[in-house]
1. Conditions: (1) assigned to a helix (DSSP H, G or I); (2) surrounded by 15 or more Cβ atoms within 10 Å (Cβ to Cβ). Residue 37 meets all but one. Number of the miss?
2. Given the criteria assigned to a helix (DSSP H, G or I) and within 25 Å of residue 97 (Cβ to Cβ), does residue 47 qualify?
3. May I ask you to verify whether residue 74 is of a type in the set (A, V, I, L, M) and closer than 18 Å to residue 103 by Cβ?
4. Six or more apart or on different chains, Cβ under 8 Å: which pairs go from a residue in segment 75-99 that's more than 25 Å from residue 20 (Cβ to Cβ) to one that's of a type outside the set (Lys, Arg) and at pLDDT below 85? Could you list them?
5. Does segment 47-60 contain at least one residue that is among the charged types (D, E, K, R), without any contact (Cβ under 8 Å) to a residue 60 or more places away in the chain and over 16 Å from residue 20 (Cα atoms)?
6. Identify all residues within segment 56-100 that are part of a helix (DSSP H, G or I) and of a type in the set (Val, Ile, Thr); write none if there are none.
7. Scan segment 1-21 for residues that are of a type in the set (D, E, K, R) and either in a loop (DSSP other than H, G, I, E, B) or under 17 Å from residue 55 (Cβ atoms) (or both) and jot them down.
Amino acid sequence: MEEILAAARSVDWRALGDRSVCDSCLGRLFGKLEHGLANAERGGAVREIAGIAGDPCWVCGGLTARYDDLAVLVARKLEPWEFETFRIGSKIDFELAAREESL
């Protein structure tokens, strides 16, 4: 975690202005530094250093907070079929991807 925190200290967080970023989106920015941590864990640690607000998230608009609900919805839709494995794809909204890329 120390590598993530050191990197977070080197960022000029004022560039965000008044935009807030949730723990998951914030953690994704540091995802390549250390492994074995969830994005929300990384983001929570970075938030303490950065001192930025988290809600509502300027990047995802709260989508990452809905992952569990979306997983339940997918499981319900798949109930009629028997399967051992499956693959899920996603299509990321262009504006959401552009906001994340601008960070």
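The values are calculated or read from the model by the stated rules, or taken from the named source; none is laboratory data. What you see is a predicted model, and the numbers here were worked out from it, not measured in a lab. As a convention, Cβ positions derive from the backbone with ideal geometry for all residues, glycine included, and neighbour counts pool all protein chains shown.
1. Here residue 37 meets the rest and fails (1).
2. Values: assigned to a helix (DSSP H, G or I): yes; within 25 Å of residue 97 (Cβ to Cβ): yes.
It is true that residue 47 is assigned to a helix (DSSP H, G or I) and within 25 Å of residue 97 (Cβ to Cβ).
3. no
4. Short answer, once both residue conditions are applied: 78/86.
5. Residues of segment 47-60 among the charged types (D, E, K, R): 47-48, 55.
Retained after the next criterion (residues that are without any contact (Cβ under 8 Å) to a residue 60 or more places away in the chain): 47-48, 55.
Those left that are additionally over 16 Å from residue 20 (Cα atoms): none.
No, because not a single residue in segment 47-60 is among the charged types (D, E, K, R), without any contact (Cβ under 8 Å) to a residue 60 or more places away in the chain and over 16 Å from residue 20 (Cα atoms).
6. Filtering segment 56-100 for residues part of a helix (DSSP H, G or I) gives 63-78, 94-100.
64, 72, 74 - these are the residues of segment 56-100 that are part of a helix (DSSP H, G or I) and of a type in the set (Val, Ile, Thr).
7. 12, 18, 19
Per-residue answers, yes or no, for (1) loosely packed, with under 15 Cβ neighbours inside 10 Å; (2) in contact with a strand residue (DSSP E or B) (Cβ under 9 Å, 6 or more places away or on another chain); (3) more than 23 Å from residue 95 (Cβ to Cβ):
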residue	(1), (2), (3)
3	yes, no, yes
20	no, no, no
25	no, no, no
33	no, no, yes
45	no, no, yes
